[in-house]
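The values are calculated or read from the model by the stated rules, or taken from the named source; none is laboratory data. None of the values given here were measured: they were computed from a predicted structure. Cβ atoms come from the backbone with ideal geometry, glycine included; neighbour counts cover every protein chain shown.
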Amino acid sequence: AQSVSQHNHHVILSEAASLELGCNYSYGGTVNLFWYVQYPGQHLQLLLKYFSGDPLVKGIKGFEAEFIKSKFSFNLRKPSVQWSDTAEYFCAVSTNAGKSTFGDGTTLTVKP
Amino acid sequence: EADIYQTPRYLVIGTGKKITLECSQTMGHDKMYWYQQDPGMELHLIHYSYGVNSTEKGDLSSESTVSRIRTEHFPLTLESARPSHTSQYLCASSEYGSAWTGLTTGELFFGEGSRLTVL
């Protein structure tokens with residue numbers, strides 16, 4: 001069975017600081033990788049995804065993530081965070097069977 | 001914009017009551033899921049469905065049951081609620097793929113969640 005590990009449970013940054021959230025997964029086969037975001041009071045929504053091809057993927061609101069197969073990692077980055085990026089971020093892995101496994105989330109607080 | 005709806009958003013109920021959490025999607029997705037999430041914790045898959053009349057237990061054991069009589073509707077039922085059932089329940093559906101081929105991109109569209117409190 002696959003598993004997902006997120007390195008940081010709580011991250012506090014000032015506006016304009018750079019962000020990197022770590023995500024490692026455990027699964028021997030082909031996977032699809034996702035970052036989801038949940039803004040305060042809103043539902044979970046997709047931030048970005050990787051299926052194949054270029055391992056550096058770009059998502060909404062200036063976020064990007066890099067898939068490093070040898071490290072089983074899919075870290076999320078943003079060069080300059082904004083107050084509006086305050087949210088909870090979940091890394092997830094799915095196989096072709098369609099079942100997704102989630103990490104336990106990282107709460108990001110951006111101070112204005 | 002995804003169209004997946006959950007009701008009720010919030011429910012406070014006494015022990016022993018029967019409850020049904022509703023989930024509907026208007027996207028025609030074959031695959032639907034129920035996740036359970038406690039505050040600050042990961043999402044745990046408790047039920048999923050690959051299509052009409054298909055339901056499976058997820059990775060986390062749950063006393064709830066589900067049904068899938070119509071493509072767009074995937075309700076979750078607790079016959080006798082207990083305080084241990086207090087949690088947030090998230091419904092989701094996934095695009096593409098087929099119950100027959102099993103191929104899917106796996107991207108999930110979520111509802112806003114149903115927060116259940118059992119006293």
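Say we look at segment A:85-112 and pick out the residues that are surrounded by fewer than 19 Cβ atoms within 10 Å (Cβ to Cβ) and touching a helix residue (DSSP H, G or I) at 6+ places or on another chain (Cβ under 8 Å); which of these is farthest from B:Ser49 (Cα to Cα)?
A:Pro112
Restricting attention to segment A:9-22, and to residues there that are surrounded by 14 or more Cβ atoms within 10 Å (Cβ to Cβ) and not in a strand (DSSP E or B), which single residue is nearest to the other protein chains (Cβ to nearest Cβ)?
Applying the filter and picking the extreme gives A:Gly22.
Checking A:Pro55 against (1) surrounded by fewer than 17 Cβ atoms within 10 Å (Cβ to Cβ); (2) over 21 Å from A:Ser100 (Cα atoms), only one condition comes out false. Which one?
Condition not satisfied by A:Pro55: (2).
Among the strands (runs of 3 or more DSSP E) lying completely within segment B:1-94, list those that include at least 2 residues that are touching a Cys at 6+ places or on another chain (Cβ under 8 Å). Please lay out each step first, then the result.
Details: elements: B:4-7, B:10-13, B:19-25, B:31-37, B:43-51, B:54-57, B:76-78, B:87-94.
Filter on segment B:1-94 gives B:4-7, B:19-25, B:31-37.
Got at least one residue in segment B:32-41 being within 14 Å of chain A (Cβ to nearest Cβ), acidic (Asp, Glu), surrounded by 14 or more Cβ atoms within 10 Å (Cβ to Cβ) and more than 14 Å from the chain's Cα centre (by Cα)? Step through it out loud before you land on a result.
Going through segment B:32-41, the residues within 14 Å of chain A (Cβ to nearest Cβ) turn out to be B:32-41.
Those left that are additionally acidic (Asp, Glu): B:38.
Remaining after also requiring surrounded by 14 or more Cβ atoms within 10 Å (Cβ to Cβ): none.
No: zero hits.
Could you tell me which residue of segment B:25-67 is farthest from A:Thr106 (Cα to Cα), considering only residues that are of a type in the set (D, E, K, R) and in contact (Cβ under 8 Å) with a residue 60 or more places away in the chain?
Step one: of segment B:25-67, the residues of a type in the set (D, E, K, R) are B:30-31, B:38, B:42, B:56-57, B:59, B:63.
Checking which are in contact (Cβ under 8 Å) with a residue 60 or more places away in the chain leaves us with B:30-31.
Values: B:Asp30: 30, B:Lys31: 27 Å.
That would be B:Asp30.
Quick check: is even one residue across segment A:74-81 within 14 Å of chain B (Cβ to nearest Cβ), touching a strand residue (DSSP E or B) at 6+ places or on another chain (Cβ under 6 Å), over 24 Å from B:Asp30 (Cβ atoms) and free of Cβ contacts under 8 Å to residues at least 60 places away in the same chain? Steps first, please.
Taking segment A:74-81 first, the residues within 14 Å of chain B (Cβ to nearest Cβ) are A:74.
Cutting the leftovers down to touching a strand residue (DSSP E or B) at 6+ places or on another chain (Cβ under 6 Å) gives us A:74.
From what's left, over 24 Å from B:Asp30 (Cβ atoms): A:74.
In the following step, the residues that additionally are free of Cβ contacts under 8 Å to residues at least 60 places away in the same chain were identified as A:74.
The answer is yes; a qualifying residue exists.
Any residue that is modelled with pLDDT under 95, buried (at least 17 other Cβ atoms within 10 Å of the Cβ), farther than 23 Å from A:Val37 by Cβ and out of contact with any helix residue (DSSP H, G or I) (no Cβ under 9 Å at 6 or more places or on another chain) - is there at least one of those in segment B:3-26?
no
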